Structures are given as structure tokens and as C-alpha cells.
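Enquirer: My structure is below; once you've seen it, I'll send some questions.
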Amino acid sequence: MNKLPQITIGFWIMKICATTLGETAGDLLSMTLNVGYAMSSIILISLFLISLSGQLFVKKYIPFIYWTVILATSTAGTTISDYMDRTLGLGYASGSTILLTLLITTLYIWYSNERSLSVENIKSFKGELFYWTAILISNTLGTALGDFLADNSGLGFAGGAVFISTLLVLVILAHFFTKISSIFLFWIAFVLTRPFGATFGDLLTKSSDKGGFNFGTIGASLILFAILLILLLYATFNKNKRTTPQI
């Protein structure tokens, strides 16, 4: 049985919620709790590997396990990006360039080995490893790209949000009105929804004088966790309803 969800509007809503939660939870661990980027990266990568092990050994799509791995890649991606760009001093532009190169290389090696880049129907263990490697790199790249647009591009927080939103609208239009590869558009959207979600996360965490709701990293993480949990329950219910034999 296939172990991946269908790519629908519901998928993208859950992806944005999961990556936004990853942003706030990653900041909660590394900054609010003062664990630091290096130690946070080790902790969150360990959690990613544990959750990934569960996903690799199940035989069908289980929403809670799948989205736990997505959430883990997002939290790990946040701290990995911060560690590269800030602790190692690479900067947002260099970090984004390195991660983009790694993503393209991963997709190239994946296609060379599997002759497919399908994101809905992966049958082999090797293909699934490539898939999750690309997911982790994409979420890390999305973090670095969002930071670059907000801090180094001159667009600022609001300008970066508008720019990312515009790109996502163009991707949606390209999907419906052009013959551009849906897989190519998927990976663009997957990267872009990361900084888009980070914008939403900043809106929840920032103080009211900065235009935010002032929930802080703890409050925002709890709110996003509740939203994602509701969506997961709904996805599980729908999946079970579709697979229940009709009498």
C-alpha cells in the first residue's frame, strides 16, 4: 500500500500548519529555553530520525506518523538553518545557496536511481529515503530563504511575506494553466510554504506593537499544535472512512 498522502488543498493546509509549528517550536527550544542552535539541532535531528524510523517501517499511510515526520523535519530544519547561517557564520545568502545545491543534487541522484520523482506513489525503500532527505533539505532551505528575504534582501518582514505569497500564487496558476511538471511545481511550493508558514508564526509570536498577536513562542506553539491535531484527526477519520468496506 502507498505510504504517502494525496497532494490536495488539505495537504498544503496541514503542511503550512506543521512548518509554522516547526518554526515556533524550534525557536522555543533554541532561544526561549536557551538550549542553543547546536544542541537544538542535535536534539531535533534525533527526534526526526526516530519518527522517520517509524514511517519507514509502517506498511501504509498513517497520518499521525507521516505528519510527525514532517513536523520533525520542520523543527530540525529551523535549527539547522540557524546553525549554518548564524553559528557557522555562513550568512543567509550562502546558506540558501548551499541548501539549494543540496536539494537539486538529491533530486538528481533520486531520479538517476529510481527513474521517478513521484511524491504520491513511492514503492521502494530507497525511494522513500530520497523523499525524506529532500523533505528535510527543503524545509531547511525554506527557513534560510525566509530569513534572507526578511533580513538581507531589503524587502523586510512585510515585503518578504508579500513576495513569497506572490510566488505561491504564480505556482498555483502554473499548476492549473500551464504544462509545467507538477513534480517541479511541488518542490517549489514545498520550499516556499516554509517561509510562508514562518510569516504566520511571526504574526502569532511578535508583540502587538510590531503588528503581532503577542502569544509568544509557547502560546503560538500550543495554538498551532491544537490546529494541527484537529486536522490530523480529520484526515485520519476521512482515511478510515474511505477504507472501510461497504456492506
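The values are calculated or read from the model by the stated rules, or taken from the named source; none is laboratory data. Remember, predicted model here, so these are calculated numbers, not experimental data. Neighbour counts are summed over all protein chains in view; Cβ atoms, including those assigned to glycine, are modelled from backbone coordinates with ideal geometry.
Enquirer: Within the group Ser81, Ser74, which residue is in contact with a Lys or Arg (Cβ under 9 Å, 6 or more places away or on another chain) and at pLDDT below 90?
Expert: Ser74
Enquirer: Okay, next question. Looking only at segment 6-23, which residues are touching a residue at least 12 places away in the same chain (Cβ under 8 Å) and either polar (S, T, N, Q) or farther than 21 Å from Phe200 by Cα (or both)?
Expert: Gln6, Ile7, Thr19, Thr20
Enquirer: Residue under question is Ser221, and the condition is that it be at pLDDT 90 or above, within 21 Å of the chain's Cα centre (by Cα) and among the hydroxyl-bearing types (Ser, Thr, Tyr); does it hold?
Expert: no
Enquirer: Within segment 142-168, how many residues are free of Cβ contacts under 8 Å to residues at least 60 places away in the same chain and under 20 Å from Lys15 (Cα atoms)?
Expert: 11
Matching residues to (1) in a loop (DSSP other than H, G, I, E, B); (2) closer than 26 Å to Phe148 by Cβ; (3) aromatic (Phe, Trp, Tyr); (4) under 16 Å from the mean Cα position of the chain (by Cα):
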{"residue": "Met14", "(1), (2), (3), (4)": "no, yes, no, yes"}
{"residue": "Gly26", "(1), (2), (3), (4)": "no, yes, no, yes"}
{"residue": "Leu29", "(1), (2), (3), (4)": "no, yes, no, no"}
{"residue": "Ser41", "(1), (2), (3), (4)": "no, yes, no, yes"}
{"residue": "Gly54", "(1), (2), (3), (4)": "no, no, no, no"}
{"residue": "Thr73", "(1), (2), (3), (4)": "no, yes, no, yes"}
{"residue": "Tyr83", "(1), (2), (3), (4)": "no, yes, yes, no"}
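Enquirer: For the subset of segment 168-186 comprising residues that are among the polar types (S, T, N, Q) and closer than 21 Å to Ser116 by Cβ, which member is farthest from the chain's Cα centre (by Cα)?
Expert: Ser181
Enquirer: Restricting attention to segment 200-223, which residues are within 12 Å of Gly22 (Cα to Cα), surrounded by 23 or more Cβ atoms within 10 Å (Cβ to Cβ) and among the hydroxyl-bearing types (Ser, Thr, Tyr)?
Expert: Ser221 - this is the single residue of segment 200-223 that is within 12 Å of Gly22 (Cα to Cα), surrounded by 23 or more Cβ atoms within 10 Å (Cβ to Cβ) and among the hydroxyl-bearing types (Ser, Thr, Tyr).
Enquirer: Looking for something assigned to a helix (DSSP H, G or I), of a type in the set (A, V, I, L, M) and more than 19 Å from Gly142 (Cβ to Cβ) - is there at least one such residue anywhere in segment 60-70?
Expert: Restricting attention to segment 60-70, the residues satisfying the condition of being assigned to a helix (DSSP H, G or I) are 63-70.
Those left that are additionally of a type in the set (A, V, I, L, M): 65, 69-70.
If we keep only those that are more than 19 Å from Gly142 (Cβ to Cβ) as well, we get 65.
For segment 60-70, residues assigned to a helix (DSSP H, G or I), of a type in the set (A, V, I, L, M) and more than 19 Å from Gly142 (Cβ to Cβ): present.
Enquirer: For segment 173-201, how many residues meet the condition of being more than 23 Å from Gly77 (Cβ to Cβ) and assigned to a helix (DSSP H, G or I)?
Expert: Let us first name the residues in segment 173-201 that are more than 23 Å from Gly77 (Cβ to Cβ), namely 173-182.
With the extra rule that they be assigned to a helix (DSSP H, G or I), the set shrinks to 173-177, 182.
The total comes to 6.
Enquirer: List the residue pairs whose Cβ atoms are under 8 Å apart, where the first residue sits in segment 24-46 and is at positive phi, the second is in a helix (DSSP H, G or I), and the two are 6 or more positions apart or on different chains.
Expert: Gly36/Ser30
Enquirer: Still on this model: Kindly provide the set of residues from segment 1-37 that are more than 20 Å from Gly197 (Cβ to Cβ) and exposed (fewer than 15 other Cβ atoms within 10 Å of the Cβ), ordered by number.
Expert: The answer is Met1, Asn2, Gln6, Leu33, Asn34.
Enquirer: Separate question: Can you tell which of Ile172, Ile80 is buried (at least 19 other Cβ atoms within 10 Å of the Cβ) and either closer than 28 Å to Phe225 by Cβ or not aromatic (Phe, Trp, Tyr) (or both)?
Expert: Ile80
Enquirer: Can you name every residue in segment 109-122 that is in contact (Cβ under 8 Å) with a residue 12 or more places away in the chain, in a loop (DSSP other than H, G, I, E, B) and either in contact with a Cys (Cβ under 6 Å, 6 or more places away or on another chain) or not acidic (Asp, Glu) (or both)? Explain how you work it out, then say what you get.
Expert: Step one: of segment 109-122, the residues in contact (Cβ under 8 Å) with a residue 12 or more places away in the chain are 109-110, 113-114, 117-122.
From the residues that got through so far, the ones that are in a loop (DSSP other than H, G, I, E, B) too are 117-122.
Result: Leu117, Ser118, Val119, Asn121, Ile122.
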